Amino acid sequence: MRILVFIVLLTPLVSYGQYKLTGIVRDSVTRETMPGVNVIIENQNKGTVTNAKGEFEIESKTESARVTFSFIGFNTVTLTIRASVSVSIELTYDKQLLEENPNHHVKANLELGYFGDREYAPYGAILNFSIQSIGQKSIGLTSSLKYWEHQKNSGLDFSIYKDLGIPFLPNILLSYKSLDYAYNKFGLKQVRGLVSYKLPRFFAIDFGGAYNDLTRLNQLEILTNEQHFNGIIGLTKIFSYDSFLKNWGLYSTLSYNPNWTYYELGTYKEFYIKKFTSFVFMAKYYNYGTFDGILFSIRFNIFDTRYYCCHSWAVYSDDINALK
């Protein structure tokens, strides 16, 4: 009997603190793990911090408990965690705090890199510049300048993309392209305008048109000059950080005219180091009637003063603009 009483009295002491809450904390944008995050169990006076891998383990008096996660510059998150489930927590940037920081009043990004046509003009460069806002004023403007050449072949492509930032209204892309492939007897001067509608699940569809001044060999191998107005439709798909294909984008466009039809298929992949982009790789196949080729690009982040929260189209605007 005494042994039974002793066991009953000892049971609360054994069960006290036997539950372990575990998980990992990540940056919601970069998906990088976050060391040093404060982890506190409400009403239990217990706390810890995440380790170098962003992981935490903390003992709880109860099987489930309300836990608060906090880190400077990020929004605090509080949720209920059960001991039977290892959780994954994502912290988002504290927008108000960053806007009060003068270092973030100008939100801009600059990228430089290589750009070229694999076969016809493999030497060139790309400059990508984006400005998101100045102070409290939203700008949403991205521009891309590409130039490539080799021997008698050269190309120039300049585009500017305006994110209106207004729900249900399209964004606008304007571009000028010039191909002077004299060595290959092909030339193109194109002025293009597109409106882009953002769709659910990170899809976007483009509508627009282009004026084309085209020089090429006809079926009789005679060099001709033609002018065409083409209608354009394009489709974009990007994969968010929730996908195993994160930071990956696809783009296709079809430009139609009864006398001249062309299409482009492109893809990009963005690679990260910590919170900043290390580099972006891009490849695009184009077919301009009887003339086709492959464009390659790799660009590096020179500076970036922007911040992103959650899954925002702003994260991808530079890459999509450069791809188009």
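The values are calculated or read from the model by the stated rules, or taken from the named source; none is laboratory data. Keep in mind that this is a model prediction, so the values were computed, not measured. Ideal geometry is used to build each Cβ from the backbone, glycine not excepted, and the neighbour counts take in all protein chains shown.
Return yes when ILE139 is at pLDDT 90 or above and closer than 24 Å to VAL280 by Cβ and no when it is not. Even if it seems obvious, please write down each step before you answer.
Working: at pLDDT 90 or above: no; closer than 24 Å to VAL280 by Cβ: yes.
Considered against the rule, which asks whether it is at pLDDT 90 or above and closer than 24 Å to VAL280 by Cβ, ILE139 comes out as no.
Would you mind stating whether LYS53 is closer than 29 Å to ARG306 by Cβ, among the basic types (Lys, Arg) and in contact (Cβ under 8 Å) with a residue 24 or more places away in the chain? I'd like the intermediate steps shown before the answer.
On the way: closer than 29 Å to ARG306 by Cβ: yes; among the basic types (Lys, Arg): yes; in contact (Cβ under 8 Å) with a residue 24 or more places away in the chain: yes.
Yes, satisfied.
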If a residue must be farther than 25 Å from SER130 by Cα and of a type in the set (A, V, I, L, M, F, W, C), how many such residues does the range 180-197 contain? 3
Given (1) buried (at least 16 other Cβ atoms within 10 Å of the Cβ); (2) touching a Gly at 6+ places or on another chain (Cβ under 7 Å), identify the lone condition not met by SER86. (1)
Condition first: in a strand (DSSP E or B), outside the structural domain of ASN247 (by TED's automatic domain parsing) and at pLDDT 85 or above. Can you find one or more residues in the range 30-39 that meet it? yes
